[in-house]
Each structure stands twice: as structure tokens, then as C-alpha cells.
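The values are calculated or read from the model by the stated rules, or taken from the named source; none is laboratory data. Values in this document were obtained by computation on a predicted structure and should not be read as measured data. Cβ coordinates were reconstructed from backbone atoms using ideal geometry, including for glycine residues, and neighbour counts include every protein chain displayed.
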Amino acid sequence: FAPALAEMFPEAPVTTVSLEALTDTLTGKSRPGHFAGVATIVTKLFAGLQPDRAYFGRKDAQQLAVVTRLASDLSFPVRVVGCPIIREADGLAMSSRNTYLNDLERRAATSLSRGLMAAADAVERGTLDAETLEAIAYDAMSSEHLVEPEYAELHDAHSVVHLNTVDRDSFLAVAGRLGETRLIDNVHFDVTDEGIVIDRGIRSQQTESGQS
């Protein structure tokens, strides 16, 4: 089911769905109104299709939180499933936007994932305070002159509030610009009775040239 715009909106809508409490930070701060559009479209799809499950990538952790809360608040009988980030062999999170990067920008873009992996390593060693983890991720982006860092922040995985420490399910999110291209990435920290489970994503087994 891939409806055309005219099918989804036969006339200009006057109704929108907004989750302001979850969208005033991170991408929502830099792209005002973006998540209202996402939430409105998803609401129409959930209402029309009535799916049992809906799969959304963890790469946009804020969007995943928005859709999950939307389904709960509006009592849609759907299970929202978060899917792991898929990474290139060099760690860069897969995205259609990667095709906009030139060769130099493409190499510099790995600083986003490099900083996140370093922060994840720090968590494994017992470092849980947000300021330290955010600095690790931000400094990695700053080390590449082609990258303009936008943020590196630790947030609650469900409410998207900013956190001071990894004491609940959370994600460390980064965003940076390379020329006209804006990239996002994150690592998730799932807090369990046994400890913190880190979701770094799934790295492709292919080489950068695309050969196995």
C-alpha cells in the first residue's frame, strides 16, 4: 500500500496530530512542524490499515518514541516495533542521505558513529554521566573539519526528556551537517535487571566496495 498524496489528502487538511512534549528537542527543535506531519500521516495509516504491527527504525529514536506514544494515547491496537540500525562496514548508519555526500564528506561522516561507539565503550567501562558521554560523541564530530556538529545528547527512550545519567532506557543521539546534508545517528541503552544492554546497531559484513 503506497498511496499517492492526493489519496491521503484529497483536500488540504485542517486537522493535525501533535506530540509537543516529545518533539521540542533534537530533530524537532531544528525542524519545527516535522513531527506533526509525521504523526498526522501515521495516524491516518493506522486508522485506515489497522495493522497488528508497525516497524520503525531505531536510527530516528525520537520518531520511534513519537509513534509509540501516539499509538498508546490514541488506543490504536498496534504493536510498534523498533528495528536495529543497520550500518555500513565502516560504521556509518545506512541512510538514503549518504548518497548526497562526496568522497571526503563520506569519510568524515564516520565521525558520528565513531563517537557513539567510543561513548558506548565508556558505558561498558562504567561511565554513565551524560556530560561525559555527550562530550565523547561531540568531540569526535568536531575532530572532522567537514562536520558541523548540531548536538550530542542523552535522552529518555520513551519520554525523550534530556537525562543526566544512564539510569533508564535511553539513547545517545548525535546530529551533524556535512555541506547541505544533515545526518543523525544514535546508540540505545536498555536498562535491565542484569545491567545495561547496548544496541550499537548491526554492521554490514560487506566491504566499502560492496564485496563480501
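Taking the criterion of being more than 14 Å from Leu172 (Cβ to Cβ), over 19 Å from the mean Cα position of the chain (by Cα) and not in a helix (DSSP H, G or I), the residues of region 115-151 that qualify are Arg125, Gly126, Ser143, Glu144, His145, Leu146. Selection of region 161-188 for residues being surrounded by fewer than 24 Cβ atoms within 10 Å (Cβ to Cβ) and more than 16 Å from Ser95 (Cβ to Cβ) yields Val161, His162, Leu163, Asn164, Thr165, Val166, Asp167, Arg168, Asp169, His188.
The rows are residues; the columns are (1) under 18 Å from Gln63 (Cα atoms); (2) in contact (Cβ under 8 Å) with a residue 40 or more places away in the chain.
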position	(1), (2)
Ser96	yes, no
Tyr100	no, yes
Glu105	no, yes
Ala118	no, no
Gly126	no, no
Glu134	no, no
Asn164	no, no
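Residues in region 119-149 that are surrounded by 15 or more Cβ atoms within 10 Å (Cβ to Cβ), under 22 Å from Arg203 (Cβ atoms) and of a type outside the set (Val, Ile, Thr): 8 in all. Test Ala54 against the stated conditions and say whether it is touching a residue at least 40 places away in the same chain (Cβ under 8 Å), surrounded by 15 or more Cβ atoms within 10 Å (Cβ to Cβ) and closer than 22 Å to Gly201 by Cα. No.
Just one of the listed residues (Leu112, Leu154) is in contact with a His (Cβ under 9 Å, 6 or more places away or on another chain) and buried (at least 20 other Cβ atoms within 10 Å of the Cβ), namely Leu154. Tell me, please, whether a residue that is closer than 21 Å to His155 by Cα, β-branched (Val, Ile, Thr) and at pLDDT 95 or above can be found in region 97-109. No; the residues of region 97-109 include none that is closer than 21 Å to His155 by Cα, β-branched (Val, Ile, Thr) and at pLDDT 95 or above. Can you find even one residue in region 40-60 that is modelled with pLDDT of 95 or more, under 17 Å from Leu178 (Cβ atoms) and of a type in the set (Lys, Arg)? Among the residues of region 40-60, at least one is modelled with pLDDT of 95 or more, under 17 Å from Leu178 (Cβ atoms) and of a type in the set (Lys, Arg), which makes the answer yes.
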